[in-house]
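Written below as structure tokens is the structure these notes are about.
The values are calculated or read from the model by the stated rules, or taken from the named source; none is laboratory data. Since this is a predicted model, take the numbers as computed values, not measurements. Every residue, glycine as well, gets a Cβ built from its backbone with ideal geometry; the counts of neighbours run over all protein chains shown.
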């Protein structure tokens, strides 16, 4: 066990299967090493039995990656041209699958799709973090923002392409489609009873990847302790803090001030409850949320930077939006009356549904 604990902080959540999560891990390692000369050595992805996948990183490494992006932007006049070239080259290869204009026909085609998606995730990860880099020039931020605008409607569908093919080609393994590793998928015709049993255990318990190695979720605490890791979840706050908090702070993604009732959208299935004029509160939004976002008067998210989906849609629809609050879904409940001040970056709780604020 290491004497010095490495603290992994929850950075974002997605609805990913294990196949897609491993793609993202490979991009963090292989593609960032190729583009930046630096890979991420500490990462955790948790795939619970139910609910969104959560991704955890060592924030010092993220900060160093951003420093490298700024340094390369300033020293290499071709850096962003190369990022754009790689982005579009690989994006244009996977986009027909994401739009369902093409479908995977066999395992060989799936392998090609998998490797191409990893190569796309490399420049895409640079695009995602760059607009929030304070030291990066505005011209570079604008390039990153324009690229993000290109991909945000479809990029979260990348793992679904695999799942759609696999369920069609191998319906007998449909129950474990979300918990198979790429290596297991590509060798599915030779899969052993032992591997099937392990996958079924992952499906039953949930699972996680720590630095690319899979485990069942029941092993999480032991594996983290053995490898010298601690977790920091900014959204977890004490009950006393919840009761005493009257304001929530975040980053303004689009300005405006509006008052309304909270409607929490934790999952896609929740979008039907959003009514005209509600304040949509979510860990993060995604393209499937768009019908609810059109009805909502404003958006508040736990996660995200200025290139996130909520921020982009807020600018498109000209609706107030505060992102990166970390705690909004913990503090707010359906029906709470709030004032969204997307000028100051504050959400003021006027009236709690269940607890009166004096």
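Residues of the range 291-310 that are over 13 Å from the mean Cα position of the chain (by Cα) and modelled with pLDDT of 90 or more: 291, 292, 293, 294, 295, 296, 297, 298, 299, 300. Annotation: residue 270 fulfils all but one of (1) assigned to a helix (DSSP H, G or I); (2) closer than 16 Å to residue 14 by Cα; (3) out of contact with any helix residue (DSSP H, G or I) (no Cβ under 6 Å at 6 or more places or on another chain); (4) modelled with pLDDT under 90; the unmet one is (4). Cβ-Cβ distances below 8 Å connect the following pairs, each with a first residue in the range 101-128 that is more than 26 Å from residue 191 (Cβ to Cβ), a second residue that is at pLDDT below 95 and not in a helix (DSSP H, G or I), and a separation of six or more residues or different chains: 127/307; 128/305; 128/307. Residues that are touching a helix residue (DSSP H, G or I) at 6+ places or on another chain (Cβ under 9 Å), more than 21 Å from residue 10 (Cβ to Cβ) and in a strand (DSSP E or B) within the range 322-358 comprise just one, 349.
Taking the condition of being farther than 17 Å from residue 114 by Cβ and touching a strand residue (DSSP E or B) at 6+ places or on another chain (Cβ under 7 Å), how many residues in the range 15-60 meet it? Even if it seems obvious, please write down each step before you answer.
First, the residues of the range 15-60 that are farther than 17 Å from residue 114 by Cβ: 15, 32-33, 35-44, 46-60.
Still in the running and touching a strand residue (DSSP E or B) at 6+ places or on another chain (Cβ under 7 Å): 15, 40, 42-44, 46-47, 52-59.
Number of matching residues: 15.
Against the definition (touching a helix residue (DSSP H, G or I) at 6+ places or on another chain (Cβ under 9 Å), at pLDDT below 95 and either over 28 Å from residue 42 (Cα atoms) or buried (at least 16 other Cβ atoms within 10 Å of the Cβ) (or both)), how does residue 99 come out, yes or no?
Values: touching a helix residue (DSSP H, G or I) at 6+ places or on another chain (Cβ under 9 Å): yes; at pLDDT below 95: yes; either over 28 Å from residue 42 (Cα atoms) or buried (at least 16 other Cβ atoms within 10 Å of the Cβ) (or both): yes.
For residue 99, the condition - touching a helix residue (DSSP H, G or I) at 6+ places or on another chain (Cβ under 9 Å), at pLDDT below 95 and either over 28 Å from residue 42 (Cα atoms) or buried (at least 16 other Cβ atoms within 10 Å of the Cβ) (or both) - is met.
The residue list 184, 150 contains one member that is surrounded by fewer than 18 Cβ atoms within 10 Å (Cβ to Cβ) and either at pLDDT below 90 or under 23 Å from residue 196 (Cβ atoms) (or both), which is 150. Scanning the range 31-49 for residues that are surrounded by fewer than 17 Cβ atoms within 10 Å (Cβ to Cβ), in contact (Cβ under 8 Å) with a residue 40 or more places away in the chain and more than 23 Å from residue 188 (Cβ to Cβ) returns 34, 41, 48.
What about residue 310, is it touching a residue at least 60 places away in the same chain (Cβ under 8 Å), crowded, with 24+ Cβ neighbours inside 10 Å and in a helix (DSSP H, G or I)? Spelling it out, it is not the case that residue 310 is touching a residue at least 60 places away in the same chain (Cβ under 8 Å), crowded, with 24+ Cβ neighbours inside 10 Å and in a helix (DSSP H, G or I).
Residue-level analysis places residue 249 among those that are under 22 Å from the mean Cα position of the chain (by Cα) and surrounded by fewer than 22 Cβ atoms within 10 Å (Cβ to Cβ).
Run down 169, 199 and say which single residue is under 30 Å from residue 99 (Cβ atoms) and crowded, with 19+ Cβ neighbours inside 10 Å. Can you show your working first?
Working: 169 fails: crowded, with 19+ Cβ neighbours inside 10 Å.
From the options 169, 199, the qualifying one is 199.
Here residue 288 meets each of (1) farther than 21 Å from residue 348 by Cβ; (2) part of a helix (DSSP H, G or I); (3) modelled with pLDDT of 90 or more with one exception, condition (3).
Being closer than 19 Å to residue 333 by Cβ and either exposed (fewer than 14 other Cβ atoms within 10 Å of the Cβ) or at pLDDT 95 or above (or both) is true for just one of 224, 280. Which residue is that?
Values: 224 fails: closer than 19 Å to residue 333 by Cβ.
Every option except 280 fails the conditions.
Check every one of the strands (runs of 3 or more DSSP E) wholly within the range 2-87 and list those with 3 or more residues that are over 21 Å from residue 155 (Cα atoms) and either touching a helix residue (DSSP H, G or I) at 6+ places or on another chain (Cβ under 9 Å) or modelled with pLDDT under 90 (or both).
Numbers: elements: 6-14, 43-47, 53-58.
Hits in the range 2-87: 6-14.
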